[in-house]
There are 2 protein chains.
Amino acid sequence: MRQSQYFLKTSKTQPSDDPSVNARLLEQGGFVQKVMAGVYTFLPLGLRVLAKIEDIVRAEMDKIGAGEVLMPALQPKENWAKTGRWDELDVLFRLKSRHGYDYALGPTHEEIVTPAALPVISSYRDLPLAVYQIQTKFRDEPRAKSGLLRTREFRMKDLYSFHTDEKDLNEYYEKVAIPAYQRIYRAMGLDAVLTEASGGTFSKFSHEFQVEIPSGEDYIYVCEKCGLAKNKEIFEEGVACTVCGGKKYREAAASEVGNIFPLKTKYSKSFELTYTDEKGKKQDVVMGCYGIGTSRLLGVLVEKYHDSRGIIWPRSVAPFDFHLLLLDASDPKVAEAAEQLYGALQAKGVEVLLDDRDMSAGVKFVDSDLIGIPRRLVVSARSVEKGSFELKARGEGKTELIELRSFEKLLSK
Amino acid sequence: MRQSQYFLKTSKTQPSDDPSVNARLLEQGGFVQKVMAGVYTFLPLGLRVLAKIEDIVRAEMDKIGAGEVLMPALQPKENWAKTGRWDELDVLFRLKSRHGYDYALGPTHEEIVTPAALPVISSYRDLPLAVYQIQTKFRDEPRAKSGLLRTREFRMKDLYSFHTDEKDLNEYYEKVAIPAYQRIYRAMGLDAVLTEASGGTFSKFSHEFQVEIPSGEDYIYVCEKCGLAKNKEIFEEGVACTVCGGKKYREAAASEVGNIFPLKTKYSKSFELTYTDEKGKKQDVVMGCYGIGTSRLLGVLVEKYHDSRGIIWPRSVAPFDFHLLLLDASDPKVAEAAEQLYGALQAKGVEVLLDDRDMSAGVKFVDSDLIGIPRRLVVSARSVEKGSFELKARGEGKTELIELRSFEKLLSK
């Protein structure tokens with residue numbers, strides 16, 4: 001991609017109304033644009049990162065055999081009335097059509113996925129079953145804040161699982177869902193701590209996945225013996241570690257990157273989602289739900305991976321593999337060398353952003369550090385004189401000189 | 001994918017409230033599920049087709065150098081007030097937050113993309129520029145009807161282009177946008193007729209792309225000399241063909257699959273989107289917009305490609321490459337042969353739906369015809385006896401016997 005033709009401009013102006021690191025770097029770096037409080041446009045650079053995050057999530061969901069669906073944002077009031085949440089859920093956006101219909105704007109999809117399973121599940125032979133979607137959600141948050149960490153419109157993956165009984169749900173929860181979640185976070189360079197949280201009215205516990213970062217908005221309490229954590233609410237109840245019985249905890253600031261709930265029969269009861277068991281008896285289907293905020297993850301990644309100059313993307317979610325800076329472009333030999341390197345890398349399927357703008361070297365270096373593509377290449381009069389280009393990893397000091405004709409070395413770097 | 005574990009059940013019951021072919025076959029085939037009037041869930045089978053349609057669209061947009069963005073559904077009232085459409089646009093969903101904010105629910109994105117371009121466009125050097133998105137849109141239609149053809153929530157690709165003047169817009173419109181659209185439709189087996197439509201208040205013409213189908217909800221009038229069409233409104237004005245001067249037209253029923261508008265300076269004026277020209281003078285940016293309803297296309301494809309038994313998907317958008325039916329599964333030799341063929345094809349990257357359900361051959365054949373995967377493979381006691389499996393193209397009569405060990409022949413079929 002040529003930066004001169006890209007829908008991208010960096011900015012020197014910090015957002016006036018949001019002091020968070022992720023809002024500052026993502027807005028100034030041209031990843032997102034704030035439309036109003038809690039609502040953002042993903043610009044090409046930001047959407048590339050979001051798509052990579054969502055591809056990692058999708059690959060793991062497919063691997064555990066869940067089917068991908070796409071449920072609507074517009075949801076009928078009746079479904080929400082049935083579960084009692086039309087009145088109870090304070091973050092629910094409610095709207096009226098000019099024809100008198102009442103709609104909820106989906107903040108989550110239990111009210112859709114449960115009746116959706118009615119024609120699909122009838123016998124124990126149809127279970128277990130799981131579906132997921134990656135989709136835009138809406139919550140009427142009292143206060144949007146911290147960039148992409150709390151917004152009114154956001155992207156989310158939600159997985160729902162259906163089981164014959166709690167034993168099967170628990171096995172799925174522990175042996176399928178939690179390991180898949182850990183693989184997802186690891187793939188994007190995050191160590192997520194499994195954290196016990198309140199289960200609400202229908203279960204003893206739910207679980208959050210928390211990433212320790214100094215700017216985190218939550219506090220978690222990590223068992224020093226086994227590593228399982230409790231969130232503040234659970235910790236204050238003062239019980240020993242559920243897994244190992246340990247009683248020593250360390251406190252850490254953290255940011256939530258996912259949460260999972262054993263829903264049990266709460267929603268299947270509302271929609272009469274039952275199955276016939278092996279003895280021919282009707283039973284309630286047991287359900288679980290598993291969320292990951294994918295746009296929120298983009299914010300958390302920036303909170304974790306940055307320095308004073310800008311973002312430092314982990315490779316697996318970086319918008320491009322290489323940022324190729326063309327300096328001294330007025331020299332035709334230099335411009336040609338950069339174009340050749342750019343073309344050769346693209347031909348190998350490598351993702352390269354070519355900074356071919358008519359700007360000073362200083363501006364290009366500053367912008368490159370801000371945008372945070374993990375590896376920077378420089379083609380300049382000085383490098384071309386040596387038949388070479390420079391390679392430098394973002395966040396590291398060392399610059400390496402590589403011969404132009406040996407560019408393929410980059411592929412293994 | 002194993003059908004026994006897929007979130008899919010076909011149905012023998014026709015939808016009671018929608019006589020359209022696409023609603024009937026997509027609902028009965030388990031592609032979509034109606035949530036309420038004009039609002040659907042895409043089930044795994046339907047989402048696969050939608051994703052293939054959107055991938056075809058995305059590839060062409062990338063090819064013409066447009067940057068992909070993702071703009072929000074929640075949009076501030078002020079932006080819509082600025083263009084006058086808050087009051088004027090009758091299909092606009094309007095909602096209030098509990099905190100008093102007024103939002104529009106995006107039916108289109110001129111009110112977002114135009115201000116989004118303010119920080120990006122300042123000089124003639126920044127132009128031309130184009131961005132697109134593939135995203136969910138909302139319209140408060142007075143009457144949702146005809147399955148996926150007219151819904152209140154739908155998927156759409158919208159491209160917006162920015163130019164220095166009308167000449168550049170017209171060139172882009174004719175040499176870039178229209179050819180890209182024609183490639184998109186051809187890639188999914190549709191012949192779309194370029195059709196002149198009203199340009200509204202700000203342009204002489206806009207254009208629709210119309211696919212001739214007997215069940216089409218529009219009538220178009222195709223110039224017998226050059227093939228350019230007029231929609232009913234324009235045709236009734238009675239003028240000769242704009243391109244060739246021809247005066248003979250044939251009438252055809254058709255369904256709209258895209259429309260494009262020269263917006264000129266309508267929206268740039270509202271948001272003061274200007275650029276500085278080569279002489280240092282401020283000028284209004286000239287814009288165009290280009291839409292394709294991707295979920296609507298799914299419906300149009302079914303209206304065009306079906307027979308009395310079900311859908312016949314064009315290969316490029318089919319949910320799977322092959323539908324592999326396992327008959328006589330109680331015979332371990334037969335089951336093993338089917339599993340081996342399934343595994344071997346998957347290892348080659350071929351997309352196969354394996355019907356491994358405990359059902360009769362009759363049910364499997366009926367369901368397979370309904371779902372419409374273009375090529376059907378059958379492994380049965382009879383075929384295995386001959387060391388073979390059967391291949392049959394959907395919609396054709398001829399069955400071919402292929403040796404199991406020569407399955408790779410399928411890859412070139």
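The values are calculated or read from the model by the stated rules, or taken from the named source; none is laboratory data. Remember, it's a predicted structure, so these values are computed and weren't measured experimentally. All Cβ positions, even for glycine, are placed from backbone atoms using ideal geometry, and neighbour counts span all protein chains on display.
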Of the residues that sit in segment B:81-95 and are of a type outside the set (Asp, Glu) and at the interface with chain A (Cβ under 8 Å from one of its Cβ atoms), which one is nearest to A:Asp140 (Cα to Cα)? B:Leu95
Candidate set: segment B:65-80, residues that are more than 8 Å from every other protein chain (Cβ to nearest Cβ) and farther than 23 Å from A:Lys52 by Cβ; chosen: the one surrounded by the fewest Cβ atoms within 10 Å (Cβ to Cβ): B:Glu78
Only one of (1) over 27 Å from B:Lys77 (Cβ atoms); (2) crowded, with 18+ Cβ neighbours inside 10 Å; (3) touching an Asp or Glu at 6+ places or on another chain (Cβ under 9 Å); (4) more than 10 Å from chain B (Cβ to nearest Cβ) fails for A:Met1. Which number is that? (4)
Just wondering, is there one or more residues in segment B:243-251 that are at pLDDT below 95, of a type outside the set (Lys, Arg), over 17 Å from B:Tyr185 (Cα atoms) and in contact with a Leu (Cβ under 6 Å, 6 or more places away or on another chain)? yes
Test result for A:Ser20, surrounded by fewer than 23 Cβ atoms within 10 Å (Cβ to Cβ), within 29 Å of B:Glu78 (Cβ to Cβ), more than 14 Å from every other protein chain (Cβ to nearest Cβ) and modelled with pLDDT of 95 or more: yes
Filter segment B:229-240 down to the residues that are of a type in the set (Val, Ile, Thr) and either surrounded by 13 or more Cβ atoms within 10 Å (Cβ to Cβ) or in contact with a Pro (Cβ under 8 Å, 6 or more places away or on another chain) (or both) and list them by number. B:Ile234
Residue by residue through segment B:333-369, note down the ones that are without any contact (Cβ under 8 Å) to a residue 40 or more places away in the chain, within 15 Å of B:Phe322 (Cβ to Cβ) and in a helix (DSSP H, G or I). B:Glu339, B:Tyr342, B:Gly343, B:Gln346, B:Ala347, B:Lys364
Report whether or not A:Tyr342 is farther than 24 Å from A:Gly189 by Cα, buried (at least 21 other Cβ atoms within 10 Å of the Cβ), outside the structural domain of A:Tyr181 (by TED's automatic domain parsing) and aromatic (Phe, Trp, Tyr). yes
Kindly indicate the residue of segment A:81-95 that is surrounded by 15 or more Cβ atoms within 10 Å (Cβ to Cβ) and more than 15 Å from A:Ser270 (Cα to Cα) and also farthest from the chain's Cα centre (by Cα) among those meeting that condition. A:Leu95
Among residues of segment A:142-180 being acidic (Asp, Glu) and surrounded by fewer than 19 Cβ atoms within 10 Å (Cβ to Cβ), the residue nearest to the other protein chains (Cβ to nearest Cβ) is A:Asp168
In segment B:103-141, anything over 20 Å from B:Gly46 (Cβ atoms), among the aromatic types (Phe, Trp, Tyr) and buried (at least 23 other Cβ atoms within 10 Å of the Cβ) is listed as B:Tyr103, B:Tyr132
Tell me whether segment A:283-295 contains one or more residues that are free of Cβ contacts under 8 Å to residues at least 60 places away in the same chain and out of contact with any Pro (no Cβ under 9 Å at 6 or more places or on another chain). yes
Of the numbered conditions (1) assigned to a helix (DSSP H, G or I); (2) touching a residue at least 40 places away in the same chain (Cβ under 8 Å); (3) more than 24 Å from A:Ala144 (Cβ to Cβ), B:Asp62 fails exactly one; give the number of that condition. (2)
Output the residues belonging to segment B:167-199 that are out of contact with any helix residue (DSSP H, G or I) (no Cβ under 6 Å at 6 or more places or on another chain), among the small types (Gly, Ala, Ser) and under 30 Å from B:Val285 (Cα atoms). B:Ala177, B:Ala197, B:Gly199
When you scan segment A:311-323, do you find a residue that is farther than 22 Å from A:Leu190 by Cα, touching a helix residue (DSSP H, G or I) at 6+ places or on another chain (Cβ under 8 Å) and of a type outside the set (S, T, N, Q), even just one? yes
Is it true that some residue in segment B:9-26 is in contact with a Pro (Cβ under 9 Å, 6 or more places away or on another chain) and under 21 Å from B:Gly216 (Cα atoms)? yes
Being over 19 Å from A:Ser308 (Cα atoms), under 34 Å from the mean Cα position of the chain (by Cα) and among the basic types (Lys, Arg) is the requirement here; does A:Lys348 meet it? yes
Whether any residue in segment B:154-172 is under 25 Å from B:Gln75 (Cα atoms), modelled with pLDDT under 95 and either among the hydroxyl-bearing types (Ser, Thr, Tyr) or not in a helix (DSSP H, G or I) (or both) is what I want to check. no
Looking at segment B:23-55, which of the residues that are more than 9 Å from chain A (Cβ to nearest Cβ) and in a strand (DSSP E or B) is nearest to the chain's Cα centre (by Cα)? B:Val32
Go through segment A:389-405 and report how many residues are in contact with a Ser or Thr (Cβ under 9 Å, 6 or more places away or on another chain) and farther than 30 Å from A:Glu303 by Cα. 5
Among (1) touching an Asp or Glu at 6+ places or on another chain (Cβ under 7 Å); (2) part of a loop (DSSP other than H, G, I, E, B); (3) among the small types (Gly, Ala, Ser), B:Gly397 falls short only on (1)
Take the residues in segment A:241-271 that are of a type in the set (Phe, Trp, Tyr) and either without any contact (Cβ under 8 Å) to a residue 12 or more places away in the chain or closer than 24 Å to A:Lys157 by Cα (or both), then tell me which one is surrounded by the fewest Cβ atoms within 10 Å (Cβ to Cβ). A:Phe271
With respect to the numbered conditions (1) more than 9 Å from chain A (Cβ to nearest Cβ); (2) within 26 Å of A:Met156 (Cβ to Cβ); (3) hydrophobic (A, V, I, L, M, F, W, C), which one is the sole condition not fulfilled by B:Ile112? (1)
Would a scan of segment B:230-240 turn up a residue that is part of a loop (DSSP other than H, G, I, E, B), touching a residue at least 24 places away in the same chain (Cβ under 8 Å) and of a type outside the set (Lys, Arg)? no
Residue among B:Arg58, B:Arg98 that is within 8 Å of chain A (Cβ to nearest Cβ) and surrounded by fewer than 23 Cβ atoms within 10 Å (Cβ to Cβ): B:Arg98
Here is a check on your reading of the model: is B:Tyr103 in contact with a Lys or Arg (Cβ under 8 Å, 6 or more places away or on another chain) and within 13 Å of chain A (Cβ to nearest Cβ)? yes
